[in-house]
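Okay, structure first, notes after.
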Amino acid sequence: MAVEGSNIQKDLNPLANAERQFEEAAARLNLPPGLKEVIKRPRRATIVSLPVPMDDGTLKVFTGYRVQHSIVRGPAKGGIRYHPDVTLEEVQALAAWMTWKCAVVNIPFGGGKGGIICDPQKMSKGELERLTRRYAADLSDLFGPESDVPAPDVNTNEQVMAWIVDTYSMHERRTEYAVVTGKPLEVGGSAGRREATGRGVLFCIREACQHLKMPLAGARIAVQGFGNVGSVSAALLSRDAARLVAVSDVTGGVHDPNGLDVAALLQWVADHRGVAGFPGGKPLATPIVEYDCDILIPAALENQITADNAGRVRARIVAEGANGPTTPDADLILEKQGVFVIPDILCNSGGVTVSYFEWVQNRMGFYWPEREVNERLEHTMVEAFRGVLTKAVEHKVNMRVAAFMVAIERVVKVIMLRGVYA
Ligand code: NAD
């Protein structure tokens, strides 16, 4: 069924999916009348047209978005994505997931997300810098440490964050590091931020294994997407003696049922910009989500496990490194098969948790050693995982519904205390 105003199939529309996940959890909570609409809808959505001088002398106009889903629990928080397929609906969905994610790990942020329709693979560094600066300048009224704090997402990185700091600071006439997170260490970044999402995935998987009485040592891991989240998850899990048996990215996939050499693979990807052709494994013939493994980590994009392929997922645990990789219809199938899904709003929340630590450090002007960052992250993630698991057991629901219930309750509690301004 097509969604109004969109040609995307309903099950593959991230906004429809985010709303369906929300509705399922909200229906189990006794919410005050009217409040459901208040917390479901985005607070503000902004569209900007961004003229950028290109290297060949032409002028190209890009479309950018920033959605603030909620600022009830604190400043809007969420990454900026550069991708040719970015849509306002996708950004809205990602912004809503950020609200629930920050609430699940109980950090004092609301939810936001940004995106620009562009193909960074086909742009020079200079073009990307000019595009980023124009976007940051146009949205500088929204952005700010107390109001809206972006971070990296797909195809944006520390360098992009440094350009935003600089642009925002030029407008403010003073250096303001706390306006974005995920910055380079030299520009107010936090130790441990780059690895934080993958490390959080590791902590969640450890907890899930403990719950399922399944040893992590020797477990076979398949990872889709070998960027920040996928590669760090794989590297850290292999340190816990898990075996990376298959990996894929935009260039292709490789596998070895006996285990791939993660260090050699990382080096190959650094040299060749993708996993394809890695000589330490064989080319992957099956789609990675159907690969025979114990733990599957989708760490690329949305809608990778759908009603079409969920029945062929062979993993015992699906740990969602990406946002929205599993559609609600696929969720029903996985649940029937007894697959334990660690939902995105819990599983990949390590990144925003350390972003919060980075923001705190910027505001204190005092920086913590990596050990302290990692310890605080572990404490936060383990507490969040156990809170969600307790809710799941108590209400006999899966981990996704439980995570949404925890998050919605926290947001509603704050609204009830603050009241609705009229
Ligand atoms: P990234 O750009 O560093 O990496 C993305 C990876 O996905 C790349 O290896 C790319 O080749 C691969 N990919 C893209 N399309 C693919 C496809 N069709 N099949 C297989 N692989 C494909 O991005 P990232 O920061 O690692 O983000 C990945 C996911 O994790 C996104 O959903 C993002 O929203 C989510 N996430 C990221 C963070 C973070 O801190 N970076 C935090 C929370 C969630």
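Things worth noting here:
- Close contacts from the stretch 311-340, counting a first residue that is in contact (Cβ under 8 Å) with a residue 60 or more places away in the chain and of a type outside the set (Phe, Trp, Tyr) and a second that is assigned to a strand (DSSP E or B) and surrounded by fewer than 24 Cβ atoms within 10 Å (Cβ to Cβ), with Cβ to Cβ under 7 Å and a gap of 6+ residues or different chains, come to 316/340; 317/340.
- Residue match in the stretch 279-287 (condition: assigned to a loop (DSSP other than H, G, I, E, B), within 21 Å of the chain's Cα centre (by Cα) and modelled with pLDDT of 95 or more): no
- Among the residues of the stretch 98-157, the ones that are charged (D, E, K, R) and under 27 Å from residue 384 (Cα atoms) come to 5 in all.
- One residue stands out in the stretch 308-335 among those that are of a type in the set (A, V, I, L, M) and either in a helix (DSSP H, G or I) or within 15 Å of residue 14 (Cβ to Cβ) (or both): the one that is nearest to the ligand (Cβ to nearest atom), namely 322.
- Within the stretch 60-74, tally of residues that are assigned to a loop (DSSP other than H, G, I, E, B) and under 12 Å from residue 93 (Cα atoms): 0
- Residues of the stretch 216-241 satisfying the condition of being among the aliphatic types (A, V, I, L, M) and surrounded by fewer than 24 Cβ atoms within 10 Å (Cβ to Cβ): 216, 217, 219, 235, 236, 241
The rows are residues; the columns are (1) within 23 Å of residue 81 (Cα to Cα); (2) in a helix (DSSP H, G or I); (3) away from the ligand (no atom under 16 Å from the Cβ); (4) aromatic (Phe, Trp, Tyr).
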{"position": "303", "(1), (2), (3), (4)": "yes, no, no, no"}
{"position": "341", "(1), (2), (3), (4)": "no, no, no, no"}
{"position": "345", "(1), (2), (3), (4)": "yes, yes, no, no"}
{"position": "353", "(1), (2), (3), (4)": "yes, yes, no, no"}
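- Every test in (1) of a type outside the set (Val, Ile, Thr); (2) closer than 29 Å to residue 161 by Cβ; (3) not in a helix (DSSP H, G or I) is passed by residue 359 save one, and that test is (3).
- Any strands (runs of 3 or more DSSP E) falling wholly within the stretch 164-264 and containing at least 2 residues that are more than 17 Å from residue 358 (Cα to Cα) and charged (D, E, K, R): 243-249
- Top-ranked residue of the stretch 14-35 - restricted to ones that are more than 17 Å from residue 332 (Cα to Cα) and part of a helix (DSSP H, G or I), ranked as nearest to the chain's Cα centre (by Cα): 15
- Enumeration of residues in the stretch 132-175 that are touching a His at 6+ places or on another chain (Cβ under 9 Å) and either away from the ligand (no atom under 16 Å from the Cβ) or without any contact (Cβ under 8 Å) to a residue 24 or more places away in the chain (or both): 136, 137, 140
- Condition check for residue 134 on (1) among the charged types (D, E, K, R); (2) part of a helix (DSSP H, G or I); (3) surrounded by 24 or more Cβ atoms within 10 Å (Cβ to Cβ): one failure, at (3).
- Scanning the stretch 26-40 for residues being surrounded by 14 or more Cβ atoms within 10 Å (Cβ to Cβ) and within 16 Å of residue 70 (Cβ to Cβ) gives a total of 7.
- Considering the stretch 101-131, the residues that are among the polar types (S, T, N, Q) and touching a residue at least 40 places away in the same chain (Cβ under 8 Å) include one that is farthest from residue 204 (Cα to Cα), namely 124.
- Residue within the stretch 255-269 that is within 22 Å of the chain's Cα centre (by Cα) and surrounded by fewer than 17 Cβ atoms within 10 Å (Cβ to Cβ) present: yes
The values are calculated or read from the model by the stated rules, or taken from the named source; none is laboratory data. Computed from a prediction, not measured in an experiment: that's the story for all the values here. For neighbour counting, all protein chains shown are included, and Cβ atoms are generated from backbone atoms with ideal geometry for every residue, glycine included.
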